[in-house]
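Participant: Starting off with a structure, shown below.
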Amino acid sequence: MGEEAEWKRHLQQDGPFTYRIRKHGMMQVDARLVSDKNHLESQADDRSPGQLVNAASLPGAVGEAWGMADWHFGYGFPIGGVVATDADYGEQGGAISPGGVGFDINCGVRLLKLDIEESEIGDLKGLARDLAKEVPAGASGKGGVSIREQDLQDILNSGAKAAVELGWGLDEDLDSIESKGILHNEGDAVSERSLQRGIKSLGTLGSGNHFLELQVVDSLVDEKTAQQFGLREGQVCMMIHSGSRGLGHQVCSEHVDALEREYRQDGNVWYSEKWNWKLPDRQLAAAPVHSREGQSYIEAMNAAGNFAFANRSALAQRARNVLQRHLGRDGDASLLYDVCHNIAKFEEHTIHGSNCNCLVHRKGATRALAGNSNEMLKSFPTGQPVLVPGDMGTASWVMAGPMEDGSQAFSSNCHGAGRALSRSAARRIVDGKAMEAELAAKGITVHAKTRNILSEEAPQAYKDVDEVIRLSAGAGLARPVARLRPLAVIKG
């Protein structure tokens, strides 16, 4: 009998909003799915829970492996997967797995608050057209801002701070970025090929699910927290979703390839003689945190993460320039927050009553820190802003981390609606031209490089974002604050 049937035999409902897959086989810890009965039964692709079971088998895994409400199939790990390993496990520490971070390192979301109402925009279509011209989108890095090699190295070392020093961001933004927009990196961590792919792509959106959207605050759920965040009903916002572009993809590809070569198939498992580790899936290829290979990947991952922070900073500044020309001012486009999705971070967590120096892999998941955490106390005492993009025809959400004490899921939450259809399946059933007309009928202006993107990113290709938010809130991971309706969408 296959793995699908095996994990189902160990599945049990663990409350109204979570399911537990009891530890079995190679699993080091239990797995948890944020879901209710209807949500679980509606998922046609059952490979994701099987991937979560595999991820729970990483050496040094602690606590529980989590699948956020937007879980769906990915490379090695499910997207929406959260797994922590003990950095002090064994002689060289627990596992760091590039597959548990993803190819688009620090793919993330930034939300700008504008001090204008929808009615004040005037020519919305004209503004959308100007944004599409100024903000390059598409698979290539064409149209990136001009930087020198030394500028790129500064960005890889200092992230958003370096972008600000180059004029591609505001100094006041830095306090509203996760980790202040800088991940630790000693320098010279990435290959020459990675540098070549990054030198021309700063300030570009990319393709696929990356976007820039003008949105309006459609409704408030938590008015007190919304006020603390500076959000009000009817207010226009700008959401930017992008990552480390080709540079991050190159970093991941190189390290995945190098680590997968350390494993050979031994029956139904993959074995590394170097570390005497066994894994159920080669795509989980991992190294000990404190090994040469582990440290090399962590340094390169952080460098790529810094590029992503700088990229979103440059994108925001380009958008502010368009607003300045269109409105005669930048709309006081202040930054609410900027969050990472695909990243692994060293964090302190309490596991079964004991403190643990954990390396938390979040792949297609975001932190949702409590208001009383050390990072949030001064800026967001009601909890970290958690940005959850939905689909271009429905809505996105701003949530907040718990008021006090982090959630049991390593203070994590969903990162979006989550795909319900693969890109190829969406292309087969959605007509891009018809989708464009349907969105226009809703008053949503869309600029996309190809009709295929409109098919792949159609609302029906995604889970119901409102349902995902309900499940996440029910599981105690984050609180809904404001629902944002799309007005104009720029896609690659």
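Read-outs: derived from the displayed coordinates by stated rules, not from any lab. Source: prediction; values computed, not measured. Don't worry about glycine lacking a Cβ; one is built from the backbone with ideal geometry, like all the others, and counts go over all protein chains shown.
Participant: Taking only the C-alpha atoms, wrap a convex hull around region 366-410 and report its volume per residue in Å³ as a whole number.
Facilitator: Expressed per residue, the convex hull around the Cα atoms of region 366-410 is 73 Å³.
Participant: Go from 0 up to the bin containing the longest alpha carbon distance in the chain, width 10 Å each, and give me the % of pairs per bin.
Facilitator: 4, 21, 32, 28, 12, 2, 0
Participant: Okay, next question. Cα-Cα pairs above 18 Å in region 355-468: how many percent?
Facilitator: 60
Participant: Measuring from the lowest to the highest alpha carbon on each principal axis, how far does region 433-492 reach, largest first, in angstroms?
Facilitator: In descending order, the Cα extents are 40, 19, 19 Å.
Participant: Under a Cβ-Cβ cut-off of 13 Å, what is the net charge of the residues other than ALA473 that fall near it, where Lys and Arg count +1 and Asp and Glu count -1?
Facilitator: Local net charge: -1.
Participant: Taking the chain as the reference, fit the longest principal axis to its C-alpha atoms, fit the long axis of helix 432-441 to the helix C-alpha atoms, and give the angle between the two in degrees, 0 to 90, nearest 10.
Facilitator: Helix 432-441 sits at roughly 50 degrees to that axis.
Participant: Still on this structure: Among 354-360, 298-304, 262-268, 367-373, how do they line up by average Cβ neighbours within 10 Å per residue, starting with the highest?
Facilitator: The peptides rank, most packed first, as 298-304, 367-373, 354-360, 262-268.
Participant: Sequence neighbours fewer than 8 away in the same chain don't count; with that in mind, list the lysines whose C-alpha is under 25 Å from LYS161.
Facilitator: Of all the lysines, those that pass the test against LYS161 - Cα under 25 Å, at least 8 places apart if same chain - are LYS113, LYS142, LYS180, LYS200, LYS345, LYS363, LYS378.
Participant: Nearest 20 debye, what's the magnitude of the dipole of region 44-106 about its Cα centre given +1 on Lys and Arg Cβ and -1 on Asp and Glu Cβ?
Facilitator: The calculation lands at about 120 debye.
Participant: Report the net charge of residues surrounding PHE410, where surrounding means a beta-carbon distance below 15 angstrom and charges are Lys +1, Arg +1, Asp -1, Glu -1.
Facilitator: Its environment carries a net charge of -3.
Participant: Roughly how many nanometres apart are two label points built 7 Å out from the Cα toward the Cβ at ARG329 and LYS8?
Facilitator: Between ARG329 and LYS8, the label points sit 6.0 nm apart.
Participant: I've got another one for you. Once the dipole of region 1-115 is set up with Lys and Arg at +1 and Asp and Glu at -1 on Cβ about the Cα centre, which of LEU52, PHE17, MET68 lies farthest towards its positive end?
Facilitator: PHE17
Participant: For the chain, what does -39500 (n - 2.57) per DSSP helix run (n ≥ 4), summed and divided by total residues, give at 222 nm, in deg cm²/dmol to the nearest 500?
Facilitator: It comes out at -9000 deg cm²/dmol, rounded to the nearest 500.
Participant: List every residue whose amide H lies under 5 Å from the amide H of SER407, counting only residues 5 or more places away in sequence or on a different chain, with H placed 1.01 Å from N in the peptide plane.
Facilitator: Those lying under 5 Å, H to H, from SER407 are SER412.
Participant: Would you list the P(r) distribution for region 1-86, with all Cα-Cα distances sorted into 5 Å bins from 0 and each bin expressed as a whole %?
Facilitator: Reading upward from the zero bin: 3, 17, 29, 29, 17, 5, 1.
Participant: Here's a follow-up. Just to verify a number: FRET efficiency for GLU375 and ASP431, C-beta to C-beta distance, R0 = 41 Å, to 0.05?
Facilitator: Working from the Cβ atoms, E equals 0.35.
Participant: For HIS352 and ASN452 in the same chain, what is the full-extension length gain: residue separation times 0.36 nm, less their Cα-Cα distance, in nm?
Facilitator: Gain on stretching HIS352 to ASN452: 31.2 nm.
Participant: Based on alpha-carbon positions alone, could you give the equivalent ellipsoid semi-axes of region 335-382 from the gyration tensor, as √(5λ), descending, whole Å?
Facilitator: They are 20, 17, 8 Å, listed largest first.
Participant: So, in Å, what gap is there between the alpha-carbon centers of region 96-158 and region 260-274?
Facilitator: The two parts, judged by their Cα centres, are 39 Å apart.
Participant: Quick check: convex hull over the Cα atoms of region 280-335, volume per residue in Å³, rounded to an integer?
Facilitator: 113
Participant: Enter the Cα centre distance for the pair region 343-402 and region 201-229, rounded to the nearest angstrom.
Facilitator: Taking the Cα centre of region 201-229 as reference, the centre of region 343-402 is 17 Å away.
Participant: Placing +1 at every Lys and Arg Cβ and -1 at every Asp and Glu Cβ, with all other atoms neutral, what dipole size does the chain have around its Cα centre, in debye to the nearest 20?
Facilitator: 1080
Participant: Choose one of GLY122, ALA226, ALA478: the residue whose Cα lies farthest towards the positive end of the charge dipole of the chain (beta-carbon charges +1 Lys, Arg; -1 Asp, Glu; about the Cα centre).
Facilitator: Sorting the options by dipole projection puts first GLY122.
Participant: Thinking of region 69-226 as a set of Cα atoms, what percent of all their pairs are more than 25 Å apart?
Facilitator: Here the long-distance tail beyond 25 Å is 49 percent of all Cα pairs in region 69-226.
Participant: Any chance you could give the angle, 0 to 90 degrees and rounded to 10, that helix 465-474 forms with the longest Cα principal axis of the chain?
Facilitator: 50
Participant: Calculate the tail of P(r) for region 234-294: the fraction of all Cα-Cα distances greater than 17 Å, expressed in %.
Facilitator: Tail of P(r) above 17 Å: 52 percent of Cα pairs.
Participant: Now a separate question. Run the reach check for LYS23 against aspartates and glutamates, Cα to Cα strictly under 16 Å, same-chain hits fewer than 8 apart removed. What comes back?
Facilitator: Partners found: GLU3, GLU4, GLU6, ASP14, GLU64.
Participant: Another question about this same structure. FRET efficiency for SER191 and ASP88, Cβ-Cβ distance as r, R0 = 45 Å, nearest 0.05?
Facilitator: That pair, SER191 with ASP88, gives E of 0.90.
Participant: State the answer as a single residue: which of PRO381, GLY418, GLY371 lies farthest towards the positive end of the charge dipole of region 346-454, with beta carbon charges of +1 for Lys and Arg and -1 for Asp and Glu, about the Cα centre.
Facilitator: GLY418
Participant: One-quarter of the Cα convex hull surface for region 96-169, in nm²?
Facilitator: That works out to 7.8 nm².
Participant: Further, regarding this structure: How much FRET efficiency would the formula 1/(1 + (r/R0)^6) give for GLU233 and LYS142, where r is the Cβ-Cβ distance and R0 is 41 Å, rounded to 0.05?
Facilitator: 0.60
Participant: Stretched out fully, how many nm does the piece from LYS274 to SER253 gain, at 0.36 nm a residue minus the Cα gap?
Facilitator: 5.5 nm
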